[in-house]
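What follows is a short report on a single structure.
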């Protein structure tokens with residue numbers, strides 16, 4: 001991901017209230033990750049990663065490495081702008097992203113199960129709020 005794109009997103013963050021920040025995180029999760037096509041794709045990749053080293057590498061890169069790189073740059077910019085407490089941006093990236101990945105993987109086999117989806121989205125909302133309240137600085 002280009003640094004310029006990350007910079008724009010970090011600048012946008014400064015303009016978001018708590019509800020908008022949660023909405024942005026939830027929107028990505030629901031509007032992209034939870035689409036039927038994406039869910040089917042990741043179910044297939046999840047199974048095939050054990051049979052094909054190239055697919056395993058893709059799985060690792062797309063679900064772990066690239067999101068962590070993006071989040072590290074993102075949190076680094078927010079710390080520089082004074083919107084987040086001084087901390088290791090790589091560690092913040094892992095702390096923010098790991099629960100999101102866990103929640104996504106929890107839902108993966110349960111597409112259409114409204115109870116599990118609702119519970120998972122509630123956990124996601126609470127995670128995003130907790131993270132911002134823990135590390136964010138609201139009076140920027």
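Consider residue 27 carefully, then state whether it is outside any helix (DSSP H, G or I) and exposed (fewer than 15 other Cβ atoms within 10 Å of the Cβ). Against the criterion (outside any helix (DSSP H, G or I) and exposed (fewer than 15 other Cβ atoms within 10 Å of the Cβ)), residue 27 does not qualify.
If I ask for residues that are part of a helix (DSSP H, G or I), under 15 Å from residue 105 (Cβ atoms) and more than 20 Å from the chain's Cα centre (by Cα), which ones from the range 35-58 would you list?
Within the range 35-58, the subset part of a helix (DSSP H, G or I) is 36-48, 53-58.
When the remaining residues are screened for being under 15 Å from residue 105 (Cβ atoms), the result is 38-47.
Answer for the range 35-58, where residues must be part of a helix (DSSP H, G or I), under 15 Å from residue 105 (Cβ atoms) and more than 20 Å from the chain's Cα centre (by Cα): 44, 47.
Every condition in (1) at pLDDT 90 or above; (2) surrounded by 12 or more Cβ atoms within 10 Å (Cβ to Cβ) holds for residue 38 except the one numbered (1). Counting only residues that are under 16 Å from the mean Cα position of the chain (by Cα) and assigned to a loop (DSSP other than H, G, I, E, B), the range 1-24 holds 1 of them. Residues of the range 72-96 that are under 24 Å from residue 26 (Cβ atoms), over 17 Å from the mean Cα position of the chain (by Cα) and part of a helix (DSSP H, G or I): 79 alone.
Okay, residues lined up against (1) farther than 26 Å from residue 131 by Cα; (2) without any contact (Cβ under 8 Å) to a residue 40 or more places away in the chain:
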residue: 4; (1), (2): no, yes
residue: 18; (1), (2): no, no
residue: 36; (1), (2): yes, no
residue: 48; (1), (2): yes, yes
residue: 55; (1), (2): yes, yes
residue: 63; (1), (2): no, yes
residue: 68; (1), (2): no, yes
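The values are calculated or read from the model by the stated rules, or taken from the named source; none is laboratory data. Everything quoted here is computed from the prediction, not taken from an experiment. Note that each Cβ is placed from the backbone with ideal geometry, even for glycine, and that neighbours are counted across all protein chains shown.
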